[in-house]
Amino acid sequence: MSENQDKRFVISQENWSLHRKGYQDQQRHMEKVKDAIKNNLPDLISEESIVMSNGREVIKIPIRSLDEYKIRYNYDKSKHVGQGQGDSQVGDVVARAPSQGDKGKSAGNGKEAGDKPGEDYYEAEVSLEEIESALFKELELPNLKEKEVADITTEKIEFNDIRKKGLMGNIDKKRTILNAIKRNAIKGKADIAPIHNDDLRFKTWDEVTNPESKAVVLAMMDTSASMGNFEKYCARSFFFWMTRFLRSKYETVEIEFIAHHTEAKVVSEEDFFSKGESGGTLCSSAYIKALELIKQKYNPTRYNIYPVHFSDGENMSTDNEKCMKLVQELMKVSSMFGYGEVNQHNRFSTLMYNYKKIEDQKFRHYILRHKSDVYEALKSFFQKVES
């Protein structure tokens, strides 16, 4: 064998095609959108256009420009391209981000016109489904336990076997192709075609029926005169996202809506989110109504029970002791009790003062001072326990 014949060559080719670059840019864009949603989630959840439009709106969020990486020189030094001795060492600064004290070197300092380019942003449209996906993966019903099995079951298909005969609609394409490649490879050419009948593989399955625990969430909201526009908006925003979370993640969760001032009544979902009332405040009326519903419809042996109450804390002081006793009574039959107080101006609340004395793992409370706190309240009440 000659010397030339003994040499071997490996040819490597980088894929610089335009369609490949477009795919990479698209992936980078999707990642930036996901990061933007994650970083802006508290503000997105409190976006008024979503809550007031019943979730039909598509909103826009700012995302950094997708410019390619490039080298820029440090203009703080006097020497630039083509100047100097070329004696740069490893670790020398090539460029740095302008500090807050550098006037005119970045956009948006609000003082005077700058002479250096800033960072580009553009707005990307985000659908409600994308926001829900980011939010709901962080939430779950706490202390959900299996109750007595009634008539509620869920059915699912479980694939359990692969066979050589079956309906064409049930063909397992991946296994069929692999069998064809293996057979053709034995004959000397590992191609997909031709595919013979012996290569065909079909999926088989069983229908599995599983019992599923029932649960009910008792949504209680203060609608008294002390609940202003900000307080009502935060409460409705919380319940808006809570309702969507429960219905998208659980098939057997029921929701009861209770509105109260000095009296409480069970209302429709539409009235709960739209109608305002007036008058004084007796929070105990909502708890009494919740206990009545539990006694009439939601036996604790069959239901996981979750009372959640939102108020501004402006309760009649003579009613606070009664509220404490009723909350204790509710917690005996509940998996969790949540109390959210919308207290924008950090005023003293006798109701929260008493509730902070409760030492029970089932009791969860959160004070909302800003619209973005709706996100933190959701995470506080429906905290996901990592397994």
Could you tell me whether any residue of segment 178-199 is within 30 Å of Thr243 (Cα to Cα), at pLDDT 80 or above and either open to solvent by 80 Å² or more (accessible area, probe 1.4 Å) or in a loop (DSSP other than H, G, I, E, B) (or both)? no
Within segment 254-281, of all residues that are surrounded by fewer than 21 Cβ atoms within 10 Å (Cβ to Cβ) and β-branched (Val, Ile, Thr), the one farthest from the chain's Cα centre (by Cα) is Thr262
For segment 286-317, which residues satisfy the criterion of being over 31 Å from the mean Cα position of the chain (by Cα) and buried (at least 22 other Cβ atoms within 10 Å of the Cβ)? Asn315
Checking Arg364 against (1) out of contact with any helix residue (DSSP H, G or I) (no Cβ under 7 Å at 6 or more places or on another chain); (2) closer than 27 Å to Gly228 by Cβ; (3) open to solvent by 10 Å² or more (accessible area, probe 1.4 Å), the condition it does not meet: (1)
Of the conditions (1) modelled with pLDDT of 90 or more; (2) surrounded by fewer than 20 Cβ atoms within 10 Å (Cβ to Cβ); (3) over 26 Å from Asp319 (Cα atoms), Val385 satisfies every one except a single condition; which number is it? (1)
Could you check how many residues of segment 342-360 are of a type outside the set (Gly, Ala, Ser) and part of a loop (DSSP other than H, G, I, E, B)? 11
Does segment 203-214 include one or more residues that are closer than 30 Å to Asn143 by Cβ, surrounded by 18 or more Cβ atoms within 10 Å (Cβ to Cβ), at pLDDT 90 or above and not charged (D, E, K, R)? no
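Can you say whether Phe230 is part of a strand (DSSP E or B) and either hydrophobic (A, V, I, L, M, F, W, C) or without any contact (Cβ under 8 Å) to a residue 24 or more places away in the chain (or both), as far as the supplied structure shows?
Criteria not met by Phe230.
The values are calculated or read from the model by the stated rules, or taken from the named source; none is laboratory data. Worth saying up front: this structure is predicted, and the values here are computed from it rather than measured. Positions of Cβ are generated from backbone atoms using ideal geometry, with glycine treated the same way; all protein chains shown enter the neighbour counts. Note: accessible area is taken over every heavy atom of the protein model, side chains too, but ligands, DNA and RNA are not part of it. Shrake-Rupley method; radii C 1.70, N 1.55, O 1.52, S 1.80 Å.
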